[in-house]
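What follows is calculated from the coordinates using simple rules that are stated; it is not laboratory data. All values derive from a computational prediction rather than experimental measurement. Using ideal geometry, Cβ is built from the backbone for each residue, glycine included, and neighbour counts are taken over all protein chains shown.
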Amino acid sequence: MKILYRSMWMAACLALAGGGMAPMVQAQSGGQNAPQQQPGDITDHEDQTLLETLKANGDFTTLVKALNEAGMSDMLDDNGPYTIFAPTDEAFARLPQSERQALLGGEHEEWLEKVLKYHMLPGTVPASEFRVLGRPQALVGQLGLDVQDGQYRVNDIPVDRQEIRAHNGIIHPIKGVLTPWDATGLRPDS
């Protein structure tokens, strides 16, 4: 019983101390102070799966199509938690035509699956933990996470400051498509 009371007291103290320590960061638009999203904050998408959240957002139609082509939709609908570095439609559009065709043309499914898994981490990783993790292991390969001058980055690609939470993970919109190192010969241009 003593242990239970001690545990409850510690939890209460930590909750009180953590509430007043939420850091303030500069919002990207307007330069106004905005609270950084904290673990435990409730968001609009927490009752949806990662896949439902990607579909509802509207900026990830190419990614959703790629996930369907690779047979990975169920993975994001029922399983997790995962952290997804999600290229926007604009990020896919910026790829050279030949690279985009090789990735999304339907002829290189194994390469597409490898690229998509390179965008995913097991577990939930909020942006506030980027510096701590540094070089986490994705489902395929290793990523480099960093924060430079207040800008979150994955493999030197900018990450949108506003993460999107779903009930089975977190989505970090990114402004480019990550390409894993390939020694297996799966990459179409290798």
**Study point:** Cα-centre dipole for segment 43-174 with unit charges at Cβ (Lys and Arg positive, Asp and Glu negative), debye to 20
**Key:** 400
Point to revise | Local net charge near I174, Cβ-Cβ under 14 Å (Lys/Arg +1, Asp/Glu -1) | key: -3
Exercise for review: Count the net charge of all other residues whose Cβ sits under 15 Å from the Cβ of S73, scoring Lys and Arg as +1 and Asp and Glu as -1.
Suggested key: -4
Exercise for review: Extending each Cα 7 Å along its Cβ direction at Q137 and E107, get the distance between those two points in nm, one decimal.
Suggested key: 3.5
Review point. Given a cut-off of 24 Å, what percent of all Cα-Cα pairs of segment 43-174 lie beyond it?
Key: 24
Practice item. Normalising by the residue count of segment 43-174, find the relative contact order in percent from Cα pairs under 8 Å and 6+ residues apart. Key: 32
Practice item. Taking H placed 1.01 Å from N in the peptide plane, check which residues at least 5 places from G169 or on another chain put their amide H under 5 Å from its amide H. Key: Y82
Check your understanding: Most exposed first by the Cβ proxy, i.e. fewest other Cβ within 10 Å, how do E107, E129, E69 rank?
Key -> E107, E129, E69
Practice item. Straight distance only, please: which aspartates and glutamates reach the Cα of K114 with their own Cα at less than 12 Å, same-chain residues fewer than 8 apart left out? Key: D182
Exercise for review: Identify the chymotrypsin sites (Phe, Trp or Tyr not before Pro) of segment 102-134 meeting these criteria: DSSP loop state and at most 12 other C-beta atoms within 10 Å of the C-beta.
Suggested key: none
**Study point:** 5 angstrom amide H check on Y152, placed H, neighbours 5+ away
**Key:** V159
Point to revise | Within straight-line cross-link reach of K65, aspartates and glutamates at Cα separation under 19 Å, skipping those fewer than 8 residues along the same chain | key: E52, D74, D77, D78, D89, E90, E99, E107, E109, E110, E113
Study note, to complete from the structure: Spelling it out for V140: with amide H atoms placed in the peptide plane at 1.01 Å from N, the residues 5 or more places away or on another chain with amide H under 5 Å from its amide H are Y118, M120
Practice item. State the answer as a single residue: which of V140, T53, Q101 lies farthest towards the positive end of the charge dipole of segment 43-174, with beta carbon charges of +1 for Lys and Arg and -1 for Asp and Glu, about the Cα centre. Key: V140
Exercise for review: Work out, step by step, the length gained on full extension between S128 and Q162: first 0.36 nm times the residue separation, then minus their alpha carbon distance; give nm to one decimal.
Suggested key: 11.1 nm
Practice item. Please give the contour-minus-distance gain from K55 to D78: 0.36 nm per residue of separation, less the Cα-Cα distance, rounded to one decimal in nm. Key: 6.8 nm
